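The next block holds one structure in the form of structure tokens; read it before the comments.
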Amino acid sequence: MSDYVHESCCRQVAELRTEIERLTEMRLEYLDAEKILFQRIDRLTAENRRYEKYIDIQANEILEHEQTIATLKGVLDRLARLGNEPHYGNSDGNVIAQKALAATEQGESDV
């Protein structure tokens, strides 16, 4: 084999090694970026689960409050009619209950 062919082959081998090193470095950078991306995805998924749990808790609390309000409205209605059922009564207690019931319908708190 001539010196020229040998030098040419050595040059090509060196170029291929350089290219392999460059591609290996790129692959390692890609793997690092992929690892960071998956860590972010895991973090966001966990955060999303916490928010979903918080929303579920809030939704349950709202439902409980709505049930409590419905119960209290029923009690106020019974008190408003007490002694004069099925119509509203006219005693002080009846009138207080009627005003409280009206305030719940209007969203007021003045009784």
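Here, each number is a calculation from the coordinates, and none is a lab measurement. Since we're looking at a predicted model, the values are computed, not measured. Every residue, glycine as well, gets a Cβ built from its backbone with ideal geometry; the counts of neighbours run over all protein chains shown.
Just a few scattered comments:
- Only listed residue being part of a helix (DSSP H, G or I) and under 20 Å from the mean Cα position of the chain (by Cα), chosen from Leu101, Leu63, Leu79: Leu63
- Qualifying residue in the range 80-91 (condition: hydroxyl-bearing (Ser, Thr, Tyr), closer than 30 Å to Gln106 by Cα and out of contact with any Lys or Arg (no Cβ under 9 Å at 6 or more places or on another chain)): yes
- Filtered residue count, the range 1-16, keeping only those that are loosely packed, with under 10 Cβ neighbours inside 10 Å and either of a type outside the set (A, V, I, L, M) or in contact (Cβ under 8 Å) with a residue 12 or more places away in the chain (or both): 3
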